[in-house]
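Data block below; observations after.
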Amino acid sequence: MVAIAMTREMGTLGKDVAQGIADSLGLKVIHSELVEHDLATRLGVQESAVHRYLEGGASVLERWKIDKEKLSRYTAEELLEFARAGNVIIRGWGAVAVLRAVPHVLRVRVCAPMPFRERVIMDRLDLKDASEARSEIEQSDAAHARIMRGFFRVNWEDPQLYHVVLNTGSVPVDTCVRIVRLLTDDPAFQESEASRAILRQPGCTPGPGPPLASRR
């Protein structure tokens, strides 16, 4: 079964790439809202509190209520369960870090030049000033980098963390989808008894840490 972990920069049409891959391969897209709901239920707090915590905007009371160690453990458990079930594309949530020890999980990054991203965000948010779009993008990038560096000890921009990095500023979305589909057919990314055994090991993750939230 296919399992893909993806990170995407804001404004790269990464959501379109993920959905195109899912439609092409018949995969379920695991997105932030779904995981936030499950985590909030297990932690016994409001879903909005979990989202604000992950985005760095939680109040003092919310930070006090949320057990960081439990959040880390529950996140890893959720991601491992999705990967075990297979036929999924997990968008964001630090899945590339949590699942990087599993050989058959294809790790994908979607990026694009800043001017391209600004145009996408200006259109999406109906903004007239490119500087406003850039501010949104830079805040998002900083939050993602902080979580990945602080909790997973990785640089999310490091190409060596991924099997393939796709630049939607020069490669059309449909072509990106075809590239990923081609990779999933490669023997290197076929599920095996050895890779399934790694998924069954509680310690297969690279270390504790909260998930990488990704909304846009």
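Just so you know, all these numbers are worked out from the coordinates, no wet-lab data involved. Every value quoted in this text rests on a predicted model; they were computed, and no experiment measured them. Don't worry about glycine lacking a Cβ; one is built from the backbone with ideal geometry, like all the others, and counts go over all protein chains shown.
Taking loop as defined by DSSP and a crowding limit of 12 other beta carbons within 10 Å, which trypsin sites (Lys or Arg not before Pro) in the stretch 68-147 fit?
Here the trypsin sites (Lys or Arg not before Pro) that fit, given the DSSP loop and packing criteria, are Lys128.
In the chain, what is the count of Lys pairs whose alpha carbons are under 29 Å apart, counting only pairs at least 8 residues apart or on separate chains?
6
Given a Förster distance of 41 angstrom, what is the FRET efficiency for Ser192 paired with Glu132, based on the Cβ-Cβ distance and rounded to 0.05?
The computed FRET efficiency comes out at 0.30.
Can you give me the distance in nm between label points at Arg178 and Leu61, each placed 7 Å from the Cα along the Cα-to-Cβ direction?
Distance between label points: 5.5 nm.
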